[in-house]
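Structure record follows, encoded as structure tokens.
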Amino acid sequence: MTAHIIDGKAFAAGLRQRLAEEVAALAGQGVQPGLAVVLVGEDPASQVYVGSKERMAKEAGMASTVHRLPAETPQADLLALIASLNADPAVHGILVQLPLPPGLDPQAVVLAIDPAKDVDGLHPINAGNLAIGAPALVPCTPSGCMMLLRDALGDLTGARALVLGRSNLMGKPMGQLLLAANCTVTMAHSRTRDLPEECRRADILVAAVGRPRMVKGDWIRPGATVIDVGINRLPPAPGQQKGKLVGDVDFDAAKEVAGAITPVPGGVGPMTIACLLDNTITAACRIHG
Ligand code: GUN
């Protein structure tokens with residue numbers, strides 16, 4: 001039996017529609033959620049992501065501004081821009097696109113963002129609040145994964161979940177969210193011993209390592225739900241300009257074993273931007289009481 005393919009693109013479109021309705025309702029109260037995205041340098045993938053964030057925020061009726069800075073921008077100038085966005089009452093969400101060019105300190109940049117406007121959920125105040133179960137702005141990609149999991153499975157209580165990857169933006173908050181949903185969580189990573197064996201125990205497998213097709217079909221427990229967060233571009237095939245986009249999971253093999261699986265593209269990716277808009281609305285509502 002082949003797996004149910006989880007349609008993240010359709011789910012995200014529905015979510016954005018509901019968010020646009022919330023934005024319209026807020027307009028009646030004189031509030032327009034505002035998102036400020038900061039892009040330093042010319043990383044091509046980041047330019048594409050940032051362009052999509054701006055377009056979709058506007059489509060939802062939000063105010064959206066992109067601040068494009070040259071790669072040579074001094075740290076002090078970047079921090080000054082963040083200070084001005086922190087102070088701007090029309091800005092409710094601030095996102096500094098990562099990775100930053102060499103020479104800029106991402107940790108210092110994250111610390112400079114007002115935690116109430118930190119729509120990436122990266123500030124230690126938000127990460128700490130998530131860990132203790134207090135209201136937090138939660139990183140967008142793990143939020144999106146949780147929405148897809150809840151939609152596919154309903155109550156997650158008691159499920160064995162394995163998160164492959166331990167980044168601050170994805171793996172660690174994903175583990176916290178699964179724990180809060182009463183899963184038994186294993187955090188796996190590049191140094192995990194017997195990784196295929198660990199994966200085979202999981203009812204829910206979330207792969208976020210950034211390694212193309214690393215998770216093989218026989219690593220997956222029959223019937224498991226597989227959430228593939230990876231977006232990896234393969235080298236172009238002969239005669240082609242661009243390589244194929246693939247996830248961290250060997251999709252063709254995995255779909256023959258899993259109960260449900262997200263595709264790449266069209267799975268988790270579209271959820272990240274929808275959750276960014278969601279966080280910006282949440283921030284605007286909290287700021288305006
Ligand atoms: N680069 C890739 N994904 C993200 C994200 O979710 N937030 C930020 N700030 N940078 C990213």
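A short reminder: the numbers here are calculations on the coordinates, not readings from a lab. All values derive from a computational prediction rather than experimental measurement. A quick note on method: Cβ atoms are made from the backbone with ideal geometry, for glycine too, and the neighbour counts reach across all protein chains shown.
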ask   = Between Gln75 and Lys244, 0.36 nm times their residue separation minus their Cα-Cα distance comes to what?
value = 57.3 nm
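For the pair Val31 and Ala83, what calculated FRET efficiency results from E = 1/(1 + (r/R0)^6), where r is the Cβ-Cβ distance and R0 = 22 Å, to the nearest 0.05?
Approximately 0.45, to the nearest 0.05.
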request  = Please report how far the C-alpha centroid of segment 206-249 lies from that of segment 54-78, rounded to the nearest whole angstrom.
outcome  = 30
query = So, in the chain, how many Lys pairs have Cα atoms under 27 Å apart, if the pair is 8 or more places apart or on different chains?
reply = 21
Orphan Cys of the chain, criterion: no other Cys C-beta under 4.7 Å = Cys145, Cys183, Cys199, Cys285
key: Overall Cα dimensions of segment 31-115 - principal axes, largest extent first, Å   = 36, 29, 17
request  = Show me 141-153, 69-81 ranked by packing, highest mean number of other Cβ atoms within 10 Å first.
outcome  = 141-153, 69-81
